[in-house]
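Contents: one structure, followed by commentary.
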Amino acid sequence: MQAASYSKTQIWLHWGIAALILIQFLAHDGMEHVWRAFRRGQQAAAGDIPLAYMHVVLGLAVLVLATWRLWLRATRGVPPVSGMEHPALRLLAKAAHLLIYALIFIVPLSGAAAWFLQLPGAGLVHVVGKNILLYVVLLHIAGALVQHFVLRSDVLRQMLRFRQA
Ligand code: HEM
Ligand code: HEM
């Protein structure tokens, strides 16, 4: 489905998910220490446990918000990828969005499988997935900045219109 612009909720969801992912990348030490202790059959340090739970809660929040976002995309639609005149660039932008969507499900789901089902293999998927997510998001940010500063399109401004209906 296509819409003329992103709704206020879609914009808040975009930036809310981005903020949560940023926190997950900056504050994963506690989870890593607890997970390592678990795999070695050791006791985790008391100070790391709340941080590990914070990682779980914020990660599951990404999953819930991503589901809401996908549902809105399907029912309300999103504007067409614009500003990219070259078909190859348009395809790249679309492929990056698709991959990001897949990863904002795969990363928290594999993390949850590792944590709740104690599956080290899922932990590996989680770590590889978060690395791919990092690089695709960096490409996505570069694309947004090129749109704004080089192509001088309205695409980034549109994602920053928090006050529209
Ligand atoms: C989009 C959401 C998430 C992001 C971006 C994320 C990101 C990360 C990062 C950056 C690490 C450190 C990995 C490393 O370099 O060793 C990590 C580890 C881990 N996360 Fe997440 N995480 C997310 C959601 C979750 C959820 C929902 C859970 C559990 C319910 C979870 C469980 C774990 C576990 C168990 C590890 C340790 C895995 C290992 O090191 O092998 N994560 N996560
Ligand atoms: C972890 C961080 C981020 C994630 C997961 C993310 C994810 C996404 C996704 C999936 C879309 C496609 C929306 C849709 O069609 O439903 C999108 C669009 C967009 N994002 Fe991000 N994004 C992130 C960070 C950023 C940042 C930092 C910027 C700005 C520098 C940005 C700028 C944009 C813009 C301008 C669009 C609209 C693109 C268009 O309509 O063609 N994003 N983002």
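Here are a few things to note about the model shown:
- The loop-placed trypsin sites (Lys or Arg not before Pro) in the range 59-161, going by DSSP, that have at most 10 neighbouring Cβ atoms within 10 Å of their Cβ come out as Arg152.
- Spacing of the two label points (7 Å from each Cα toward its C-beta) at Ala74 and His14, in nm: 2.1 nm
- Positive contributions from Lys and Arg (+1) and negative ones from Asp and Glu (-1), summed over other residues with Cβ under 13 Å from the Cβ of Gly143, come out at +2.
- Integer Hz, Karplus 6.51/-1.76/1.60 couplings in order for the range 41-56, x for Gly and Pro: x, 9, 7, 6, 5, 4, x, 7, 5, x, 5, 5, 5, 4, 4, 5
- Mean separation of Cα contacts under 8 Å (6+ apart) over length of the chain, as relative contact order %: 28 percent
- The chain - mean residue ellipticity at 222 nm from DSSP helices (-39,500 (n - 2.57) per run, n ≥ 4, rounded to 500): -25000 deg cm²/dmol
- Angle of helix 8-26 to the longest C-alpha principal axis of the chain, folded into 0 to 90 degrees and rounded to 10: 40°.
- Crossing angle, helix 120-145 versus the chain [Cα axis fit, 0-90 degrees, rounded to tens]: 30 degrees
- Whole-number accessible area per residue in Å² for the chain, which is evaluated in the context of all protein chains at 1.4 Å: 62 Å²
- With DNA, RNA and ligands ignored, accessible area of Tyr53 (1.4 Å probe; Å², nearest 10): 120 Å²
- The range 128-165 and the range 54-116 have their alpha-carbon centroids 13 Å apart.
- Karplus-derived HN-Hα couplings along the range 27-33 (A = 6.51, B = -1.76, C = 1.60, θ = phi - 60°), whole Hz, x at Gly and Pro: 10, 9, 4, x, 4, 4, 5
- Percent of Cα-Cα distances greater than 28 Å, calculated over the range 24-165: 32 percent
The values are calculated or read from the model by the stated rules, or taken from the named source; none is laboratory data. Given the structure is predicted, the values throughout are model-derived calculations rather than measurements. Counting neighbours? That spans all protein chains shown, and the Cβs are built from the backbone with ideal geometry, glycine included. Note: areas computed on protein heavy atoms with side chains; ligands, DNA, RNA excluded. Shrake-Rupley method; radii C 1.70, N 1.55, O 1.52, S 1.80 Å.
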